[in-house]
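Visitor: Provided herewith is a single structure, encoded as structure tokens, for subsequent inquiry.
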Amino acid sequence: MSNRSLGGNWRNYYDSLELFSPAAYSSLPGLPFPGAAGHYPSRDEVVRYLEGYADFFRLPILQGIRVANVGQEGEGFRITAANGQSFCARAVVVASGAFSRPYVPDIPGLKNFSGTQLHSAHYRNAEAFSGQRIVVVGAANSAVQIAYDLSKVATVTLATREAIRFAPQRILGADFHTWLKWTGLEKTKWLNDQSTPVLDDGTYRKALRSGRFNQAAMFSEVTSTGVIWAEGQHETVDSLIFATGYRPNLPFLQGLPVMDEQGRVAQRDGRAVHVPGLYFVGLPKQRNFASATLRGVGPDAEQILRYLLKRVRKLEAAPTLVTQN
């Protein structure tokens, strides 16, 4: 993927998005996120922070270049761009993120649905859905946030395969992420960065209990005009919105043995298992639950840096192993 503006996919998220981690836990290395430590940044604040981060460190970023292929060449790599440009490297770090290939489950009849269907990646705001009957699919933070946003102008049901798990955003005055740090759970894979419990100050749970939007077991089938619920009844629906996560988006690595039999990236703590010199930053559960978040990529990058530098120094000592045409 490529983006012509700094901020990547953050620019494309829905208008009302707020991080579920406060500013104190939303920084990249070397530059604190601006504002009060307990403030929960918005989408636009994250974009401005990333722009400022690149300016502050004068990072040599080439924008608008779509990588078409990464292939091995000797002891190094050749990176080919869609515009014909070519680069040689002793090592490659793939940091394209975990949120650029939306996943929609294969549901019987979905292709025949005549209403609006979209993934949360393409949802912006509730304006276009006023007065509609909408089903939002998903049980994590984005699903609940979008259902709440839509409930201001539409009739909304949250369709889930399991119960929504709420967790208080603050416990005894301290943020959820502070407790994860104090208990050491932030260093584990117990939680999933794409399906953590819905962090809530009480707003969403109250809205659900009061009927502002409701929850139902996942429907079994889609018709041209609606859905068939688990109990068998049909309901007419105007729009289906899927907050159902993402899958790895690595077509430029298709010539390399990077995926396992389950379709997951074969990596260990950010190092490709079968491709020496290839590293990753930002994969879900790469090292722990925070790996695909702003707060997690810094420690993960530090983890792979020593291996990357060791490799580069080794190849620099034998420069004939890497050729450049």
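The values are calculated or read from the model by the stated rules, or taken from the named source; none is laboratory data. Remember, predicted model here, so these are calculated numbers, not experimental data. Cβ placement follows ideal geometry from the backbone for every residue including glycine, while neighbour counts extend to all protein chains displayed.
Visitor: With modelled with pLDDT of 95 or more, of a type in the set (A, V, I, L, M) and either within 20 Å of the chain's Cα centre (by Cα) or under 21 Å from R209 (Cβ atoms) (or both) as the only criterion, which of A163, A159, A167 stands out?
Guide: Working: A163 fails: modelled with pLDDT of 95 or more; A167 fails: modelled with pLDDT of 95 or more.
Answer to the check: A159.
Visitor: Could you tell me whether the stretch 32-46 includes any residue that is surrounded by fewer than 16 Cβ atoms within 10 Å (Cβ to Cβ), of a type in the set (A, V, I, L, M) and either on the phi > 0 side of the Ramachandran plot or part of a strand (DSSP E or B) (or both)? Let's see the steps before the verdict.
Guide: Step one: of the stretch 32-46, the residues surrounded by fewer than 16 Cβ atoms within 10 Å (Cβ to Cβ) are 32, 34-38, 42, 44.
Among the residues that remain, those that are also of a type in the set (A, V, I, L, M) are: 36-37.
Imposing the further condition that a residue be either on the phi > 0 side of the Ramachandran plot or part of a strand (DSSP E or B) (or both) reduces the set to none.
Scanning the stretch 32-46 turns up no residue that is surrounded by fewer than 16 Cβ atoms within 10 Å (Cβ to Cβ), of a type in the set (A, V, I, L, M) and either on the phi > 0 side of the Ramachandran plot or part of a strand (DSSP E or B) (or both).
Visitor: If I filter the stretch 218-266 down to residues being part of a strand (DSSP E or B) and within 20 Å of the chain's Cα centre (by Cα), which single residue comes out as surrounded by the fewest Cβ atoms within 10 Å (Cβ to Cβ)? Before you say what the answer is, go through the steps one by one.
Guide: Initial filter on the stretch 218-266 (part of a strand (DSSP E or B)): 221-222, 226-228, 234-236, 239-242, 246, 259, 265.
Then drop every residue that is not within 20 Å of the chain's Cα centre (by Cα), which leaves 241-242, 246, 259, 265.
Details: I241: 26, F242: 24, Y246: 19, M259: 15, V265: 19.
By that ranking, first place goes to M259.
Visitor: Among the residues of the stretch 301-313, write down those that are more than 18 Å from A290 (Cα to Cα) and either surrounded by 17 or more Cβ atoms within 10 Å (Cβ to Cβ) or touching a Lys or Arg at 6+ places or on another chain (Cβ under 9 Å) (or both).
Guide: Y307, L308, R311, V312
Visitor: Could you list, in sequence order, the residues of the stretch 24-34 that are modelled with pLDDT of 90 or more and more than 17 Å from the chain's Cα centre (by Cα)?
Guide: P29, G30, L31, P32, F33, P34
Visitor: Could you check, for the stretch 171-181, whether at least one of its residues is modelled with pLDDT under 90 and of a type in the set (F, W, Y)?
Guide: Yes, the stretch 171-181 contains at least one residue that is modelled with pLDDT under 90 and of a type in the set (F, W, Y).
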